[in-house]
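Participant: Before we start, here is the structure in question, set down as structure tokens.
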Amino acid sequence: MPNIADLIHHYGYLALFLGSMLEGETVTILGGIAAHRQWLDLVWAIVAAAAGGALGDILLFLVGHRYGVRAIQRFGGSKTAHIERMQASIHRHQYLAIFGVRFLYGLRLIGPVVIGASHVRIATFVLFNLLGAIVWATLLVGGGYVFGSVFTHYLGNIERHLLWLIPLLIVVALLVRWWLKRRHDQQHSGD
């Protein structure tokens with residue numbers, strides 16, 4: 001039976017790419033921890049995470065570009081007035097919106113769809129989305145790398161702790177996500 005290091009070495013980049021494409025944060029941080037353990041190369045872990053994150057956003061952008069406001073309403077259930085305000089903001093700050101959408105809680109999935117429905121040029125979206133994905137992947141994989149370093153310094157051999165560390169990180173990420181969503185919903189309940 002292969003050990004965890006062998007599995008990560010063989011499938012880690014693919015898992016990082018797919019995880020970043022679908023969700024991102026938790027998988028990307030775990031990729032940084034794996035890079036710290038030298039199960040993955042740090043630079044290639046960043047590349048895999050950035051590529052997965054960028055591709056996922058491009059696919060969502062294309063859905064919005066093709067289906068417009070209908071896709072937004074179906075995907076996010078947003079009200080027309082809310083969508084129009086978001087689109088007006090995107091037109092005023094187009095490059096910043098594309099670059100930063102992955103950093104804004106609650107907009108990670110619907111944001112690229114809204115941007116696509118806002119008639120932003122595909123080339124513009126791809127360029128600024130890729131730049132945002134590179135910064136995002138560098139910060140999260142780098143953060144995981146630093147976390148792995150601190151963790152190892154204080155708790156020793158990380159392999160002994162993986163059976164509880166991975167589920168703990170997932171639970172913490174889900175709790176933070178739930179708390180942020182709840183906070184976001186409370187702030188926007190009057191819209």
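Each reported figure results from applying straightforward, stated rules to the coordinates on display, with no laboratory input. Bear in mind that the values here come from a model prediction, so they are computed numbers and not experimental data. Here the Cβ is made from the backbone with ideal geometry for all residues, glycine too, and neighbour counts use every protein chain on show.
Participant: What is the gain in length, in nm to one decimal, between Trp44 and Lys181 on full extension, counting 0.36 nm per residue of separation less the C-alpha to C-alpha distance?
Facilitator: 46.2 nm
Participant: By how many nm would the segment from Ala88 to Thr124 grow when fully extended, if each residue of separation counts as 0.36 nm and the alpha-carbon distance is taken off?
Facilitator: Stretched fully, the Ala88-Thr124 segment lengthens by 11.3 nm.
Participant: Just to verify a number: FRET efficiency for Val146 and Ala173, C-beta to C-beta distance, R0 = 22 Å, to 0.05?
Facilitator: 0.85
Participant: To continue, here is another question. Sorting check: for 171-180, 40-49, 60-69, which peptide has the highest mean count of neighbouring beta carbons within 10 Å, and how do the rest follow?
Facilitator: Ranked by mean Cβ neighbours within 10 Å, highest first: 40-49, 60-69, 171-180.
Participant: Could you check the spin-label model distance between Val135 and Tyr95? Points 7 Å from the Cα along Cα→Cβ, value in nm.
Facilitator: Between Val135 and Tyr95, the simple spin-label model gives 1.1 nm.
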